[in-house]
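Q: Dropping the structure in here first, questions after.
Just so it is clear, none of the values below were taken in a lab; they were calculated from the coordinates. Because the structure is a prediction, the values reported are computed rather than measured. Glycine gets a Cβ as well: all are built from the backbone with ideal geometry, and neighbour counts include every protein chain shown.
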């Protein structure tokens, strides 16, 4: 009797996990198709994916629809840190695909723009949950080696971070973006490797040479201005 209950429960969990995996992948596909449709025609066509509809006729309506979608995903727990490395987590299911899209010059500009816009449209606490999930889904190491392979990894992560949350320059939106990142950093303990990635993000580094000398200066100036 008990073994039957355990088996039934395990089967239900597996079914639920597959369901959330499907929802996560579907949501990312909607993001991608919205970004490409918006860039090509300015009008987003009806998307029909496994019973989920998204009808939008302008960029503002698209952003509002995506905002609603991601708020529901966040409130459902798909951006929690409990299952960041499996497909029950949005980034667990989609991070590798997001990386590929951001590296593809055909899609990168529009895809990045829609990510930046959606995150900027979210309430602070929701955006923070999304960002914590993103950072947690990355695999970090405790060593801070200065070899070239480590530096390349740091830069690639910083580029992905920049494509999703946006760059830092000047302006009110940048202050909100910085406050969001600081809120994430102060909210829990993170590996030291993350600090190096954030230096690269703030400095705008895209090559290993950019991690040396004067390219650290923008980070320290920004940190001094906003934190100290």
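Q: For segment 68-120, count the residues as N, evaluate 2.2 N^0.38 Å, and divide the Cα radius of gyration by that value, please.
A: Values: Rg = 12.2 Å, N = 53, 2.2 N^0.38 = 9.9 Å.
In units of the globular-protein estimate, segment 68-120 measures up at 1.23.
Q: Please give the peptides 91-97, 190-196 ranked by average Cβ packing (other Cβ atoms within 10 Å per residue), highest first, as a rough proxy for protection. Working shown, then result.
A: Details: 91-97: 18.4, 190-196: 16.1.
Result, highest mean first: 91-97, 190-196.
Q: When a footprinting reagent is the concern and you count Cβ atoms within 10 Å, what order do 90, 79, 124, 32 take, fewest first?
A: 124, 32, 79, 90
Q: Rounded to whole Å, give me the distance from the Cα center of segment 20-37 to that of segment 79-95.
A: 15 Å
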